[in-house]
């Protein structure tokens with residue numbers, strides 16, 4: 001039986017509900033000068049040292065704990081070197097905030113993760129630049145060097161799990177060749193741009209923090225577009241507009257699905273990316289007020305070619321971007337242009353059918369919508385899971401491995417088994433198909449007893465009136481002999 005599809009896309013969707021519990025975190029705290037504290041904890045008082053920044057008990061009262069200040073003579077030494085920042089006790093995994101707006105400039109994330117560090121390029125109200133050092137921190141997922149930040153935005157989390165604290169520093173230039181935490185005592189910290197964070201932040205002014213500026217109204221954001229939670233078969237767009245009646249907007253950013261950020265203008269139109277998407281627009285004004293608006297989900301459906309036309313004799317394969325589902329597109333399709341592996345396409349119409357035990361689309365009408373970037377990675381599965389236990393992976397690009405347990409005398413297929421106890425009705429293991437190519441070629445089969453890794457499409461054949469699951473490599477390089 002065939003199901004006629006007209007204006008609705010060909011989709012077999014698996015809906016998975018994921019409930020994520022997220023711990024609430026405190027809001028960032030603002031200093032009198034307009035900067036934000038980099039953590040939920042603040043520093044207070046001053047010990048009167050010549051360099052100006054305090055050493056004092058941890059704010060949570062831990063016995064013996066100190067907040068070590070800039071060049072604190074009683075502070076921690078690292079190989080005898082001076083301290084060029086402030087160590088502020090806080091909890092592992094607690095959020096780290098941008099002290100003012102800026103751009104992620106560097107990220108030191110190699111070696112021991114306790115010593116990772118984020119360097120942010122900031123500006124003062126007078127336009128001069130400086131660099132904030134957020135030490136013992138890991139960057140927030142989806143952020144990278146070049147990501148723009150709003151004042152008070154969470155940029156990462158404390159990654160020091162033993163002596164739980166942040167090392168925060170201020171430097172007036174971006175030369176970190178001598179390190180970001182400790183400095184050889186023979187070098188004068190001030191001469192190379194280091195400043196005591198607390199006293200420097202109290203005596204300088206971030207953008208939008210002038211005392212005469214009494215603007216306390218955040219920008220207004222509007223987003224318009226197609227109806228949410230509705231599936232669309234053609235390109236869709238959103239429009240946005242940001243206004244501020246006070247000091248005027250300073251930064252406006254857009255994010256899709258919480259990953260990556262791009263600077264945008266106060267108004268405009270953009271195409272909605274393919275798949276299920278949420279958009280967030282965040283705006284700050286010159287007075288430091290911030291507002292945020294989210295919209296979605298928008299459903300725009302495309303699929304990605306994992307096997308190009310002309311490889312297999314009966315057609316090619318596509319799958320969803322999130323690898324939730326794949327299927328065969330049979331020969332006889334029509335397209336607005338030549339298609340190749342990695343192309344994104346809309347399936348505007350077609351007829352669902354069954355071919356060799358697989359669900360497939362025939363007489364498909366396709367519209368190319370660009371190229372997937374990045375291309376979908378093959379889904380690694382055990383032999384037992386190939387078209388077996390769990391969610392269906394028929395039609396997906398997969399990867400598996402095992403020992404060659406049988407080689408067909410004709411050279412058209414072989415079996416592999418990884419020990420996960422599979423039986424397809426004929427023999428144990430999973431069949432790897434080496435024929436069925438449009439040019440009548442056959443892939444070379446590995447020797448019996450060899451261990452191999454195979455990348456290919458999870459497909460099916462009918463053999464001895466049995467429905468046999470198979471892996472279909474696309475080319476010889478998809479079969480890799482391990483030993």
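Of all beta bridges that DSSP places with both ends in the stretch 379-481, some 85 percent have antiparallel geometry.
Extension gain for residue 186 to residue 29 (0.36 nm times residue separation, less C-alpha to C-alpha distance): 52.9 nm.
Give me the number: length gained by fully extending residue 114 to residue 410, i.e. 0.36 nm times residue separation minus the C-alpha to C-alpha distance, one decimal in nm. Write out the running numbers ahead of the final one.
Details: separation 296, 0.36 × 296 = 106.56 nm, distance 5.76 nm.
Here the answer is 100.8 nm.
Here r is the Cβ-Cβ distance between residue 265 and residue 93 and R0 is 41 Å; the resulting FRET efficiency, rounded to 0.05, is 0.70.
For residue 217 and residue 308, what does the FRET efficiency come to when R0 = 45 Å and r is the distance between their Cβ atoms, rounded to the nearest 0.05? About 0.25, to the nearest 0.05. Once both labels are positioned 7 Å from their Cα atoms along Cα-to-Cβ, the gap between residue 124 and residue 466 label points is 7.9 nm. Each label was represented as a point 7 Å from its Cα along the Cα-to-Cβ direction; for residue 175 and residue 392 these points are 6.5 nm apart.
Counting only the backbone N, which residues of the stretch 421-446 are under 20 Å from the spot 7 Å out from the Cα of residue 475 toward its beta-carbon? Only 433-446 pass the distance filter. In this simple spin-label model, placing a label point 7 Å from the Cα along the Cα-to-Cβ direction at both residue 331 and residue 239 gives a separation of 4.8 nm.
Per-residue Cβ neighbour counts within 10 Å put 108, 97, 190 in the sequence 190, 108, 97, beginning with the fewest.
Could you tell me the calculated FRET efficiency between residue 351 and residue 379, based on Cβ-Cβ distance and R0 = 25 angstrom, to the nearest 0.05?
Calculated transfer efficiency: 0.40.
If you take the Cα centroid of the stretch 277-355 and the Cα centroid of the stretch 427-447, the two points sit 29 Å apart.
Within 10 Å of each residue's Cβ, count the other Cβ atoms and sort 136, 165, 301 from fewest upward.
On the way: 136 27, 165 23, 301 20.
With the fewest neighbours first, 136, 165, 301 line up as 301, 165, 136.
Ordering 121, 261 by the number of other Cβ atoms within 10 Å of each residue's own Cβ, fewest first, gives 121, 261.
We did not get these values from a lab; they are worked out from the coordinates using the rules stated. The shown structure was predicted, so the numbers you read here are calculated from the model rather than taken from an experiment. Cβ sites come from the backbone with ideal geometry, for glycine too, and all protein chains shown count toward neighbours.
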